[in-house]
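Report on the following structure.
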Amino acid sequence: MTIVGPRPERPEIVSQLEQRFPHYTRRHLVKPGIAGWAQLRCGYAGSELGTAWKLCHDLFYVKRRSIFADWLIIVETVFEAGRDAHRALRAPGQRFIVGQTID
């Protein structure tokens, strides 16, 4: 486990997520971390739509990870830890539906 990386998922549901989301295994290209891009941007994913939203952010991090991005995530995590934990997070838009193509 590292400081920055995609948050690890519970082992008992990983196989279900790998079957549901075709690119889910790409999250495992980097070590899991305590702080992550999806955790900062999405918070807790309590539904299938939320999991897909977080997966998008995790894959964004995996594709564009760098030392600068890691430092940015660490700094943002420090600031977020001091903020109100019950703040409203940005939710996925109406057009973000799993499996639907955008025209």
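A few points about this structure:
- When the P(r) of segment 1-66 is calculated, the portion above 16 Å amounts to 39% of the C-alpha pairs.
- On segment 1-92, 59 percent of the accessible area sits on carbon and sulfur atoms, based on a 1.4 Å probe.
- Residues whose amide H falls under 5 Å from that of residue 34, counting only those 5 or more places apart or on a different chain, are 2, 3, 4, 5, with hydrogens built in the peptide plane.
- Separation in nanometres of the label points that stand 7 Å from Cα toward Cβ, at residue 19 and residue 69: 3.0
The values are calculated or read from the model by the stated rules, or taken from the named source; none is laboratory data. These numbers were taken from a predicted model, which means no experiment stands behind them. Virtual Cβ from ideal backbone geometry, glycine too; neighbours counted across all protein chains shown. In case anyone asks, the SASA skips ligands and DNA or RNA and just uses the protein heavy atoms, side chains included. Shrake-Rupley method; radii C 1.70, N 1.55, O 1.52, S 1.80 Å.
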